[in-house]
Amino acid sequence: MSDQTTEQVSPAIDIFPSFSIAPVSPYIFSGFLEHLGRCIYGGILPSTRTTFPYTPRKPCPEAQFTETPAALLTPEGFRVDVLEVLRDELRVPLIRWPGGNFVSSYNWKDGIGPREERKRQPELAWNGEESNQFGTDEFIAWCRTAKIEPYIVLNMGTGTLEDALHWIEYCNGTGDTYYANLRRKNTGRDEAYGVKYWGLGNEVWGEWQVGQQTASAYATKARQWAHAIRLVDPDVILVGCGETGINAWDGVVLDELADKVDLHSIHLYTGFGPRDRSQTEREYGRSVYGPDAAEYSIEVCKGLINKARFVKGVSKPIKIAFDEYGVWDETVGTPENGLEQFYNLADALAMASWLNVFIRQADVVDIACIAQSVNVISPLVTSATGLFRQTIYWPLFLFSKYMRDGISVKLTVTSPQFSGETLPRWISSIKGFPSDLDVSAVLYADPSAKTRSLRVAVVNRSETSSYDVPLRVAFERVGGQVEVHELWHADVKARNGWENENEVSLESRTVSWDGRWTFRNHSFTLLVIPLE
Ligand code: AHR
């Protein structure tokens with residue numbers, strides 16, 4: 001353990017509640033379900049030997065194939081426990097489906113109609129098999145039960161424009177047409193699904209993708225697709241496929257699509273494996289400071305968006321859909337084990353920093369989808385009969401509960417900085433040394449109770465130092481007791497599991513406020529501060 005801080009400064013947080021950045025979009029608490037490992041089969045449906053998409057070469061001990069009792073399922077056969085956590089605890093507003101890499105060779109027509117007649121197909125992204133027991137109708141039914149908005153990604157790998165138009169007609173068609181009527185036949189109901197969000201492909205830039213393309217080839221094709229899609233349904237919200245927001249791909253695609261898309265999708269994961277593959281543990285600094293790279297990417301992407309809008313004379317704003325983000329060590333969560341990764345406290349601190357980024361960047365980030373929502377690099381891990389919440393669940397829970405309906409406000413942070421190695425390494429040299437204290441704040445007004453409060457999320461990313469910090473609120477007076485919710489454990493490597501589900505969990509209390517708080521080393525704290 002080392003404390004790699006730069007010069008010593010007296011930490012302080014100054015908050016300016018009257019200086020609004022933007023309202024926080026509730027869609028930053030969105031999720032992602034991919035046909036991968038035990039995400040759908042085991043997370044949404046119970047996994048059985050016939051529905052499980054493949055036999056993992058190295059199954060993780062948590063992967064179980066025993067039947068889930070009917071009492072734990074909805075009438076449609078969905079797991080109740082997962083559905084309840086996503087709907088009632090995390091209040092996930094939107095879910096992206098069916099991939100991810102999976103979508104680039106997915107034929108949606110294999111996933112509709114009588115289940116016993118559906119084709120079991122080779123699955124090319126993750127080298128498995130797809131049973132097609134969960135398709136468009138099941139996804140929409142699950143979304144309706146979970147009160148979640150569906151977001152469907154189109155196959156721009158093996159899929160044709162015609163397939164995509166049929167899929168949109170199947171979901172949204174209201175006329176007397178073949179695919180609209182097929183939906184009526186399959187569901188026994190007249191009403192259309194009205195799917196608004198559609199993604200124009202997934203990571204088409206990636207060499208691992210079925211159907212990888214150059215930026216200009218993709219942009220030309222996506223333009224044609226967008227034009228045709230809006231002829232089928234003019235009300236759709238289209239998401240163009242970006243890279244990380246900062247790459248040449250993003251610039252080329254935005255320049256071409258600025259007048260055709262509503263959102264620009266970017267992806268990034270932090271917490272990749274050890275620098276030296278002979279090491280077995282990730283270094284703390286390479287885990288927790290990574291989200292600073294996402295913030296820089298968003299800032300650059302905002303510039304690329306505005307430049308493209310300027311050149312094309314597009315007055316409507318284009319927002320960012322950060323529709324895959326999260327903490328993923330590819331040496332731990334591998335295709336062989338269905339990307340099942342078990343998270344420690346350091347990973348939870350990174351997750352809190354991710355969410356701080358989205359709050360601070362509220363003016364341009366409209367959607368953020370944690371990858372993924374269950375079992376696959378996820379806050380939730382299921383067995384046949386239950387689930388446990390990983391460490392990374394807790395920041396999501398707190399942000400969703402307290403930061404959701406607020407207005408993101410400006411703040412300044414004076415903090416010691418981290419001078420050790422980050423991942424990516426360029427954070428320090430390009431963006432600047434990351435601050436140990438990573439902070440965001442929202443102003444929340446409750447019109448019915450006529451009360452206002454500040455919600456301040458503080459990650460003390462220092463592994464070794466606690467900081468006693470004044471929190472100064474400009475031009476406002478604090479009126480009453482402050483709620484403190486803290487995620488901490490003496491051991492940054494502590495994690496939850498079947499035997500110790502609450503090893504890392506929240507401690508909440510109410511305190512008299514004297515204008516300062518001591519943020520413990522490697523902790524996440526959310527303060528609810530009432531204003532007069
Ligand atoms: O979330 C896992 C994978 O990561 C997704 O399938 C892909 O889009 C990304 O590379």
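The values are calculated or read from the model by the stated rules, or taken from the named source; none is laboratory data. Quantities reported herein were computed from a predicted structural model and do not represent experimental measurements. Counting neighbours? That spans all protein chains shown, and the Cβs are built from the backbone with ideal geometry, glycine included. Side chains are part of the model used for accessible areas, which takes the heavy atoms of the whole protein and leaves out ligands, DNA and RNA. Shrake-Rupley method; radii C 1.70, N 1.55, O 1.52, S 1.80 Å.
For the residues W394, W426, the requirement of being at pLDDT 95 or above and either within 26 Å of S10 (Cβ to Cβ) or open to solvent by 10 Å² or more (accessible area, probe 1.4 Å) (or both) singles out W394.
On inspection, V478 does not qualify as open to solvent by less than 40 Å² (accessible area, probe 1.4 Å) and β-branched (V, I, T).
Contact map, the range 116-129: first residue free of Cβ contacts under 8 Å to residues at least 60 places away in the same chain and among the charged types (D, E, K, R), second residue more than 13 Å from the ligand (Cβ to nearest atom) and in a strand (DSSP E or B), Cβ cut-off under 9 Å, separation 6 or more or different chains; pairs are K119/E130; R120/E129; R120/E130.
Please go through the range 430-465 and pick out each residue that is touching a helix residue (DSSP H, G or I) at 6+ places or on another chain (Cβ under 7 Å), open to solvent by 30 Å² or more (accessible area, probe 1.4 Å) and assigned to a strand (DSSP E or B). Of everything in the range 430-465, nothing turns out to be touching a helix residue (DSSP H, G or I) at 6+ places or on another chain (Cβ under 7 Å), open to solvent by 30 Å² or more (accessible area, probe 1.4 Å) and assigned to a strand (DSSP E or B).
Quick check, is N521 in a loop (DSSP other than H, G, I, E, B) and open to solvent by 40 Å² or more (accessible area, probe 1.4 Å)? Judged against the criteria, N521 is not a match. Just one of the listed residues (I246, I266) is out of contact with any Gly (no Cβ under 6 Å at 6 or more places or on another chain) and either touching a residue at least 24 places away in the same chain (Cβ under 8 Å) or under 30 Å from T174 (Cα atoms) (or both), and it is I246.
The residues on offer are L339, L349, and the sole one that is open to solvent by less than 10 Å² (accessible area, probe 1.4 Å), modelled with pLDDT of 95 or more and among the hydrophobic types (A, V, I, L, M, F, W, C) is L349.
All of S25, S18 fail the test of being under 30 Å from I407 (Cα atoms), at pLDDT 90 or above and either surrounded by 21 or more Cβ atoms within 10 Å (Cβ to Cβ) or touching a strand residue (DSSP E or B) at 6+ places or on another chain (Cβ under 7 Å) (or both), apart from S25. Identification of strands (runs of 3 or more DSSP E) wholly contained in the range 95-195 with 1 or more residues that are hydroxyl-bearing (S, T, Y) and within 16 Å of the ligand (Cβ to nearest atom) yields 149-153.
Output the number of residues of the range 272-324 satisfying the condition of being of a type in the set (F, W, Y) and either modelled with pLDDT of 90 or more or touching a Cys at 6+ places or on another chain (Cβ under 9 Å) (or both). The number of residues fulfilling the criteria is 4.
Quick one: which of E503, E507, E483 is of a type in the set (D, E) and in a loop (DSSP other than H, G, I, E, B)? Exactly one residue qualifies, and that residue is E503. Here R57 fulfils each of the conditions (1) modelled with pLDDT of 90 or more; (2) open to solvent by 30 Å² or more (accessible area, probe 1.4 Å) apart from (1). When S400, S373 are checked against the criterion of being in contact with a helix residue (DSSP H, G or I) (Cβ under 9 Å, 6 or more places away or on another chain), within 16 Å of the ligand (Cβ to nearest atom) and open to solvent by less than 10 Å² (accessible area, probe 1.4 Å), S373 stands alone in meeting it.
Scanning the range 331-348 for residues that are more than 17 Å from the chain's Cα centre (by Cα) and near the ligand (Cβ under 10 Å from one of its atoms) yields a single hit, P335.
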